[in-house]
Structures are given as structure tokens and as C-alpha cells.
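The values are calculated or read from the model by the stated rules, or taken from the named source; none is laboratory data. None of these values were measured; they are calculated from a predicted model. For neighbour counting, all protein chains shown are included, and Cβ atoms are generated from backbone atoms with ideal geometry for every residue, glycine included.
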Amino acid sequence: MNTQTAIRQPGKHRDTRQHLLDTGRDILAARGFSSVGLSAILQAAGVPKGSFYHYFQSKEQFGQALLEDYFASYIQDLDARFADDGTPAISRLMSYWQGWQENYCGPAGLRDCLVVKLSAEVADLSEAMRITLRDGTDQVMARIANCIEAAIADGSLPPQPAHQTAGNLYQLWLGASLLTKLHRNAAPMNNAMMLTHSLLAR
């Protein structure tokens, strides 16, 4: 996700609500929720305040809708990545972790996902946003577990508790993402990849 957000012209966007969500996603991923006022989002989107309140009753409702939209897109992409394309399921699973690693350590530089950026911040600020984050991450872990089960079924992974392994891996990569932000180097991601291979090979 590109954290460099340009001012956008609303006339070029037919769906103002989606345009606000897309703009807000870029800004919140870069700066967090509490430190960003509505005026910054509206200025970047080129949308008047009245249009915002036509779609959202409050900044909190906007944040919840933004997270719902983020997870809907993320899950759609994940389902496409994990879909059976004739390759071993372990290859599809490892491509997910490799993509995560590249997002944080590739040529584009550090990139934040909303889960990493907002989880700790909004959990105590908004119950609605906390639940949306919880349910979204549960869906992600369920998809990972399904892919692990497919890998066990096709023989590309040894038998193991799929849901437990999925939870362990997802927590590992979330933690590595936070450490990467703190240390500004690739070591946490490299360690996460080594541990991933170890967990999946058991």
C-alpha cells in the first residue's frame, strides 16, 4: 500500500463513498487513526464535509466502514491467491508470506497494512472498530488454515493442527511487522520466514 497520498479530484470518481474510503485507507495506514482529522481526509479526497456526512455519521463509523471495506478486498485477494490452480497448496501458502515480506522489505520500502497500523490504537478507542478488526483477522486465519488443510491433503505438508498453525503463523507475522517498523531493517521478516518454514515442516 502506497503511503504517499496525493490530493484527488472528486469529479474523477463516480463513487464518492468508495473514494473517501480509498483515500482514508492510504492516510490512516500511514498516520494512524487518532492523529488524522476529518479535514485532512476531506482535503486529500477533494470532497466537501457535507458529502462526508451524507455517507458516514461520524469519524468512528467511517473507520469501521473503512476496515470492513479493507477486509472485504483483502479476503477476496486471499481467496484468489489460495484457489486451487494445480500447484501444491504449500506453494500457494508460501507465496502469501513472501508477498507479506516484500510489502515490508521490498524496493517500495516499508508499507503498513491497516491491521498492523490500527489494531493496538483503536482497540481501546472504538468497540465497533475492535470487533471489525477481530472478525476480519479471524477470517484471514480461517483462510490460512484452509490452505494448510489443503496442503496436508495433497501431501505437500505433514499432518498438523491446521487452525493452531494458522494462528501461530499469523501472530508471528504481525509481530514481525511491528518489529520491522521499530528496527527499520529486514531482520524480523527474515526471522519470520525461517520460523514459518520450521513451523510448517514439523
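Look at the stretch 87-107: where a residue is closer than 14 Å to T196 by Cβ and modelled with pLDDT of 95 or more and a partner is outside any helix (DSSP H, G or I) and small (G, A, S), sitting 6+ places away or on another chain with Cβ atoms under 7 Å, you get I90/S156.
For first residues located in the stretch 42-61 and free of Cβ contacts under 8 Å to residues at least 40 places away in the same chain and part of a helix (DSSP H, G or I), partners that are buried (at least 16 other Cβ atoms within 10 Å of the Cβ) and among the charged types (D, E, K, R) and lie 6+ apart or on another chain with Cβ distances below 8 Å form the pairs A44/R8; A44/D26; A45/R8; Y55/R17.
Across the stretch 148-202, the qualifying residues are those that are farther than 25 Å from D85 by Cβ and charged (D, E, K, R), and the one among them that is modelled with the lowest pLDDT is R202. Name the residues in the stretch 1-37 that are surrounded by 15 or more Cβ atoms within 10 Å (Cβ to Cβ), more than 23 Å from V115 (Cβ to Cβ) and at pLDDT 50 or above, would you? If the condition is that a residue be surrounded by 15 or more Cβ atoms within 10 Å (Cβ to Cβ), more than 23 Å from V115 (Cβ to Cβ) and at pLDDT 50 or above, then T16 is the only one that fits. Would you confirm, using the coordinates I've provided, whether A151 is surrounded by 14 or more Cβ atoms within 10 Å (Cβ to Cβ), under 20 Å from S91 (Cα atoms), free of Cβ contacts under 8 Å to residues at least 40 places away in the same chain and not charged (D, E, K, R)? No; evaluated as a whole, the condition is false for this residue.
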